[in-house]
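Colleague: Sending over a structure as structure tokens; questions will come in a sec.
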Amino acid sequence: MSRAIIIDSDALTRQTLRGIMANEGYEVVETADGQKGIAEVRSGEEISVIFLADQLAGLSGLDTLIAIRKFQPKVPVLMIMSTDNRQASQVALSRGAAWFLTRPVKVEDVLVIIRLLMEKKRLQRTIDQQVERLRLLEKQTGELTDIEDDGIAPEDVLKESEFLSRSIELIAGVLNAKKVSIMLLSRDGKELVMAKSNWILPSKIPTIRQPVGQGVSGRVVMDGKPMLVEDAAKDSRADTNEYARQYESSSFIVTPIFCGKRAIGVITANDKSDKSSFTEGDLALLNTFSNQMSMAIANLFMMKRTEREKLKLTFVNGIVQALVSSVDPDQIYKSLLSKVTTGLRATAGILAFADGSGSKLNFEYAIPENRIRIPEAPVPVGPGALAKVVKEGAIVICNNPGDKEGVDPASDFPPGLTVRSLAAAPLTANGKVLGVIAVFNKEDGLPFDEWDAEILQTVAPQASMAIKQAWLYQNLIKNIDEVVETNKQLENANREVREKVRELDRLKSKVTT
């Protein structure tokens, strides 16, 4: 059960707070002076929130606050101010108070602040979990590095350099083959692309492609089964190609390369040095080597995915830290959009909020401010990409939007910006779309991809919670200012009444005499 401590010399205030907190499910401990309150704080039991009066019998409220902060630096302390003195409240905040209440304590004020603090605590817990996950990933990355043979790094596979070259050398030596090539699947999985060869000119390598399902290599990667061709002239499975005349022998072997259960490429060996045909034994050797190579690649790909996840968590953690560091809406909007735009390497971005009906968008903030003109009035949600985000709550990525359906330049493109690509995500709370965060035109003309969508999908819920928290804070400040203004008006009215009473007394005195 959550535990609340009330430190106040005023019994009525303690009774009011006890009732509120007990009704919210808190275990409540009361003390009437600062010394006893400090003793409760030092008891070692977990505390969710502390209510502390600024004026106490004995030790003052501020001195008690300083002592509490030494023993419980993270527990939120709500100061109960005896007077509406902004300067005194600011001093309390500077000494470590989370917020303040004024007497007489009102139920609605307490509930708003408590729920705001609990939401912030939940966000902080999320950050702590992400940091712990990040540490675990770092540990796993180190363990995977120990697993890989000969210190091969993941980027060696991606850059098609040392790892593939060494593999080809080993295969050629073991099989006594003059010509060995490795082809890998393209990003879309539709083609095999030549990655490395010990006999094809480097300038020609990037141009050699084989559709999946076609030719020997295409069928091997599709079926995931190795193939031995003893004589290409007599084997109907062997399709000729422009390099066939460059082979000294019509015999060759092809085996798939796996990453997990998925075939990601093929190894092909041609032309034995002694001009003999390849045998089932050669195919078994190549298949064994392919299995070993597949395990190494799986480790390397796992490391790459782990590093990618680590980078994502680091980025998201940075954004969440920035969001919870402020409750000022304008600061949150600027920080959120700036970090997302920079992190996704976009050159522009917008943050807009939907009206109650979801039919219009209010543009709140844009980057760069000197290029994008923010409309003064709400903009109707058109039939394009942003409309899909608002209406369906879906992430949308669109590269070359001018050539695609489902994009409405009038509503999707910010005024003053030429759009080449866009990525947008919904900001939601309790199943309702609050607004849209969108970024445009990735640096160097690169397209937005699944990685960008993954980042947006991870960031959006945290951003939504921070924005909702900022709105709660904004409403709280507005309510407090209204209370202060009302109190001032009442005081002025009371002053006028007192003046009139004194005036009437003077008139009465004159009449009597």
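Colleague: Only one of (1) among the small types (Gly, Ala, Ser); (2) open to solvent by less than 10 Å² (accessible area, probe 1.4 Å); (3) more than 38 Å from the chain's Cα centre (by Cα); (4) under 17 Å from LYS190 (Cα atoms) is not met by SER251, so which one is it?
Modeller: So SER251 meets the others, but not (4).
Colleague: Take ALA263 and decide whether it is among the hydrophobic types (A, V, I, L, M, F, W, C) and either open to solvent by less than 20 Å² (accessible area, probe 1.4 Å) or in contact with a Gly (Cβ under 7 Å, 6 or more places away or on another chain) (or both). Don't jump to the end; show me each part of the working.
Modeller: Details: among the hydrophobic types (A, V, I, L, M, F, W, C): yes; either open to solvent by less than 20 Å² (accessible area, probe 1.4 Å) or in contact with a Gly (Cβ under 7 Å, 6 or more places away or on another chain) (or both): yes.
The answer is yes for ALA263.
Colleague: Going by what's in this entry, would GLY189 be described as part of a loop (DSSP other than H, G, I, E, B), out of contact with any helix residue (DSSP H, G or I) (no Cβ under 8 Å at 6 or more places or on another chain) and open to solvent by less than 80 Å² (accessible area, probe 1.4 Å)?
Modeller: yes
Colleague: Being without any contact (Cβ under 8 Å) to a residue 24 or more places away in the chain and over 21 Å from SER249 (Cβ atoms) is the filter here; which residues of the range 168-197 pass it?
Modeller: Listed by number, the residues that qualify are SER186, ARG187, ASP188, GLY189, LYS190, GLU191, VAL193.
Colleague: Scan the range 400-423 and give yes if some residue there is in contact with a strand residue (DSSP E or B) (Cβ under 7 Å, 6 or more places away or on another chain), in contact (Cβ under 8 Å) with a residue 24 or more places away in the chain, assigned to a strand (DSSP E or B) and surrounded by fewer than 19 Cβ atoms within 10 Å (Cβ to Cβ), otherwise no.
Modeller: no
Colleague: Can you name the condition, by its number, that ILE200 falls short on among (1) open to solvent by 70 Å² or more (accessible area, probe 1.4 Å); (2) in contact (Cβ under 8 Å) with a residue 24 or more places away in the chain; (3) in contact with a Ser or Thr (Cβ under 8 Å, 6 or more places away or on another chain); (4) among the aliphatic types (A, V, I, L, M)?
Modeller: For ILE200, the exception is condition (1).
Colleague: Regarding the range 167-185, can at least one residue be identified that is at pLDDT below 90 and either within 33 Å of the chain's Cα centre (by Cα) or within 30 Å of LYS74 (Cα to Cα) (or both)?
Modeller: yes
Colleague: Now for a different question. Residues that are open to solvent by 30 Å² or more (accessible area, probe 1.4 Å), in a helix (DSSP H, G or I) and not aromatic (Phe, Trp, Tyr): does the range 379-386 have at least one?
Modeller: no
Colleague: Please work out which one of (1) out of contact with any strand residue (DSSP E or B) (no Cβ under 9 Å at 6 or more places or on another chain); (2) part of a helix (DSSP H, G or I); (3) farther than 30 Å from GLU162 by Cα is the condition SER326 fails and give its number.
Modeller: Of everything listed in (1) out of contact with any strand residue (DSSP E or B) (no Cβ under 9 Å at 6 or more places or on another chain); (2) part of a helix (DSSP H, G or I); (3) farther than 30 Å from GLU162 by Cα, SER326 misses just condition (2).
Colleague: Mind listing whichever residues of the range 457-513 are exposed (fewer than 14 other Cβ atoms within 10 Å of the Cβ), modelled with pLDDT of 70 or more and within 37 Å of the chain's Cα centre (by Cα)?
Modeller: The answer is GLN457, and nothing else.
Colleague: Checking GLU376 against (1) open to solvent by less than 20 Å² (accessible area, probe 1.4 Å); (2) part of a loop (DSSP other than H, G, I, E, B), which single condition isn't satisfied?
Modeller: (1)
Colleague: Restricting to the range 389-399, what's the tally of residues that are surrounded by 20 or more Cβ atoms within 10 Å (Cβ to Cβ) and assigned to a helix (DSSP H, G or I)?
Modeller: Number of matching residues: 2.
Colleague: Of everything in the range 342-373, what is without any contact (Cβ under 8 Å) to a residue 40 or more places away in the chain and not in a strand (DSSP E or B)? Give them in sequence order.
Modeller: THR342, ASP355, GLY356, SER357, SER359, PRO368, GLU369, ASN370
Colleague: Continuing with this model, one more query. Looking only at the range 266-291, count every residue that is surrounded by fewer than 19 Cβ atoms within 10 Å (Cβ to Cβ) and among the charged types (D, E, K, R) and tell me the total.
Modeller: Matching residues across the range 266-291 total 3.
Colleague: For the range 292-303, which residues satisfy the criterion of being farther than 20 Å from SER217 by Cβ and open to solvent by less than 50 Å² (accessible area, probe 1.4 Å)?
Modeller: ALA296, ALA298, ASN299, LEU300, MET303 - these are the residues of the range 292-303 that are farther than 20 Å from SER217 by Cβ and open to solvent by less than 50 Å² (accessible area, probe 1.4 Å).
Colleague: Report the residue count in the range 424-436 for those that are in contact with a strand residue (DSSP E or B) (Cβ under 8 Å, 6 or more places away or on another chain) and closer than 17 Å to ASP355 by Cβ.
Modeller: Count: 7.
Colleague: Right, here's the next one. Evaluate the following for PHE440: is it out of contact with any Asp or Glu (no Cβ under 9 Å at 6 or more places or on another chain), closer than 22 Å to PHE315 by Cα and either assigned to a loop (DSSP other than H, G, I, E, B) or at pLDDT below 90 (or both)?
Modeller: No, not satisfied.
The values are calculated or read from the model by the stated rules, or taken from the named source; none is laboratory data. Every value quoted in this text rests on a predicted model; they were computed, and no experiment measured them. Note: ideal-geometry Cβ built from the backbone for every residue, glycine included; neighbour counts use all protein chains shown. Side chains are part of the model used for accessible areas, which takes the heavy atoms of the whole protein and leaves out ligands, DNA and RNA. Shrake-Rupley method; radii C 1.70, N 1.55, O 1.52, S 1.80 Å.
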